[in-house]
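Notes follow once the structure below has been shown.
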Amino acid sequence: MKLVTASAVSQRSLLASLNSNLSVSLSSSSSSSSSSSSLASVLSTVLNAEHMRPANPVSCSQGASEQLISLIKSCAHESHLLQIHAHILRTRSLEDPTISLRFLSRVSLSPFGRVSYARRFFSQIKNPSLAEFNTMIRAYSGSDSPEEGLYLYREMRRLGERTNSLTSSFCIKSCTKMASLTGGLQIHGRIVRDGHQSDSLLLTALMDFYSICCKSEQACAVFDEMPERDTVAWNVLISCYLRNCRTRDVLAVFDAMIGGECGCQPDDVTCLHVLQACTSLNALEFGGRVHEYIQERGYGDAVKLCNSLITMYSRCGSMDKAFMVFKGMRVKNVVSWSALISGLAMNGKGREAIEAYLAMLRANVVPDDQTFTGVLSACSHSGLVEEGMLFFEEMSKDFQRMPNVHHYGCMVDLLGRAGLLDQAYELIMSMSSKPDSTIWRTLLGACRIHRHVALGERVVWHLTELKAQEAGDYVLLLNTYSSVGDWERVTEVRKFMKDNGIQTTPGCTTITLNGIVHEFTVDDVSHPRQNEIYTMLDEIGSQLKIAGYVPEISSELHNLSSEEKGYRLSNHSEKLAIAFGILATPPGTTIRLANNLRICVDCHNFAKVLSSVYDRMVIIRDRSRLHHFQGGHCSCNDYW
DNA sequence: CTAGGGTTAG
């Protein structure tokens, strides 16, 4: 026999109808006023029901309190929160600590919750508990005004309120968000005084804080002091290494974790970080190992990981593998499509990138800013001028996306490479926001390609005005002069650079063989096999000369005689790395290089001819793109 | 007592 009281039945059915109404209002996104008003009436019925109004506000009945809590839990719209809030004030349930904490927590955590709202409610609580203080500080730390969390924390201390480890944790999060070193140092001091220095979770947050503030040494010091380190702690260490360009250490940590030396296994977040490290190191092989690990661990369906894999493979020049990952994804989002599009663009497959973009639209995925950056860069790298201009117009007209600096940058590159220098200049001048130095630099590059000295000088003037000239800019200007044979000006710029102590970034090329990274700089003599390498380079030189390779003298800075120039050029880091690649790998093996600058005309020609004479595929990643050399051709469509 | 912290794709 069921023994259910009448009131219990009515309560249950009211809640049931409330919940079904809530789900209806959620699924029909746009404002259907009738459904929301009926929902409001249901809510007010519940809230005003006789059994909900306690005779004595503080000791409201157990059932009413429980029902209010479940209402708070299931609340799915801001207006419902407002009604519950009003009800709490009316019935003075605020003095029930369970209710006020639940409500505060709900307000600050719900997707539609706002700090301002939480703050208002918090101020109505007479004597906030530690939990309520913490909840409020947490809300601030995740909001747009994290500093308010620190003010509240100071207020707590001033009032002599008790704090705990969580309080510090949320404060650290605020400091991290503000990147406030002084604030964080103060909190760190308090953590030590309060005796919380063995709380691993707190220390992990502290590590991340130091890492964000570019204090990697302090971050590592905190890591060393941790009593125990779980996967998250290791992940924060890895992300710290990533931020501080210690990418090789990231791979070492991953190996150590796999080898059981860390007492915990890599998780999905670890893999995300390690893949980023592989991407920047051009470590295709290692990235493949991470891919295998991801599959072993059953993370294969994780969208973020797949997106990261697409980026890693395409930036390492392995577009076919990138595409395989993409094809295998059951759920693709805008990031997946954009990663594919940028990957194709970087690898010189402009037409395919546009195809992918059109397929994305057919799949009803809405493009965002970064998608357009990919599409426009595809056009610029492949010299698709008309298409690029069309997409540039479409993005604001059809998708309401206002072009940002990256989009303008692509367009300047597109027009500039195509020789439409004046049009590129006009575009920069028409920008609504102030053009940054990168944009001018792009145009300067185009001036160098098209030997446009006058515009090049004007661009340098703009850079000077921005106080943003870099060593590379002078080199570009210098190259522009040298490309038209104005050696007088070349000498002038060189003297200026020397007098002002302007140092150029040294070119550096890496090649990875069997997991070992070999690094070459210009005229490098540090490699253990340097004698063999230089001998090989001579041999290659004479072979290529027979096939018609002529050193391109205009790439060189010096006004030397042709013979001397030829000699200087032969020692570029790219060439040394290629010679080592030919030397150290069996015939037919693909040679993969990464360079930190843009490849010069001469090395480009060198690699082209070599790919045919030695029948080797050569893939070079430079600062902006990948070059696939095969059979005497390059995938890129640059106007050298 | 109540709530419950740290890392995360293009």
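The values are calculated or read from the model by the stated rules, or taken from the named source; none is laboratory data. Just so it is clear, the model here is predicted, and its values are computed rather than measured. Backbone-built Cβ (ideal geometry, glycine too); neighbour counts: all protein chains shown. Surface accessibility is based on the protein's heavy atoms, side chains included, excluding ligands, DNA and RNA. Shrake-Rupley method; radii C 1.70, N 1.55, O 1.52, S 1.80 Å.
Before moving on, here are some points about what is shown:
- Criterion applied to A:SER79, A:SER145 was being open to solvent by 10 Å² or more (accessible area, probe 1.4 Å), more than 13 Å from DNA strand B (Cβ to nearest atom) and assigned to a loop (DSSP other than H, G, I, E, B), and the one residue passing it is A:SER145.
- Within the range A:408-424, being buried (at least 22 other Cβ atoms within 10 Å of the Cβ) and not aliphatic (A, V, I, L, M) holds for A:TYR408, A:GLY409, A:CYS410, A:ASP413, A:GLY416, A:ARG417.
- Cβ pairs under 6 Å, 6+ apart, first in the range A:231-247 and without any contact (Cβ under 8 Å) to a residue 60 or more places away in the chain, second of a type in the set (Phe, Trp, Tyr): A:LEU237/A:PHE223
- Of the residues A:LYS397, A:LYS321, A:LYS327, the single one that is assigned by TED's automatic domain parsing to the domain that holds A:GLY300, away from DNA strand B (no atom under 16 Å from the Cβ) and either within 22 Å of A:HIS627 (Cβ to Cβ) or free of Cβ contacts under 8 Å to residues at least 24 places away in the same chain (or both) is A:LYS327.
- Odd one out for A:GLY515, checked against (1) under 24 Å from A:SER318 (Cβ atoms); (2) at pLDDT 90 or above; (3) open to solvent by less than 80 Å² (accessible area, probe 1.4 Å): (2)
- A:GLY541 being assigned to a helix (DSSP H, G or I), at pLDDT 90 or above and either surrounded by fewer than 17 Cβ atoms within 10 Å (Cβ to Cβ) or in the same structural domain as A:ASN605 (by TED's automatic domain parsing) (or both): yes
- Selected residue (criterion: most open to solvent (accessible area, probe 1.4 Å)) from residues of the range A:148-173 that are near DNA strand B (Cβ under 10 Å from one of its atoms) and in a helix (DSSP H, G or I): A:LYS173
- Selection within the range A:367-383: residues that are of a type outside the set (Ser, Thr, Tyr) and more than 16 Å from DNA strand B (Cβ to nearest atom). The member of this set that is nearest to A:LEU340 (Cα to Cα) is A:CYS379.
- Qualifying residue in the range A:331-340 (condition: surrounded by fewer than 18 Cβ atoms within 10 Å (Cβ to Cβ), within 14 Å of DNA strand B (Cβ to nearest atom) and part of a helix (DSSP H, G or I)): yes
- The range A:288-317: number of residues that are in a helix (DSSP H, G or I) and either within 12 Å of DNA strand B (Cβ to nearest atom) or in contact with a His (Cβ under 8 Å, 6 or more places away or on another chain) (or both): 13
- Odd one out for A:GLU386, checked against (1) in a helix (DSSP H, G or I); (2) within 13 Å of DNA strand B (Cβ to nearest atom); (3) out of contact with any Leu (no Cβ under 9 Å at 6 or more places or on another chain); (4) not polar (S, T, N, Q): (2)
- Restricting attention to the range A:591-613, the residues that are out of contact with any Asp or Glu (no Cβ under 6 Å at 6 or more places or on another chain), assigned to a loop (DSSP other than H, G, I, E, B) and crowded, with 17+ Cβ neighbours inside 10 Å add up to 2.
- When residues of the range A:115-134 are limited to those that are touching a Pro at 6+ places or on another chain (Cβ under 9 Å) and assigned to a helix (DSSP H, G or I), the one most open to solvent (accessible area, probe 1.4 Å): A:ALA131
- Some residue of the range A:267-276 being assigned to a helix (DSSP H, G or I), more than 26 Å from A:ILE172 (Cβ to Cβ) and near DNA strand B (Cβ under 9 Å from one of its atoms): yes
- Residue check for A:GLY581: crowded, with 17+ Cβ neighbours inside 10 Å and of a type outside the set (D, E, K, R): yes
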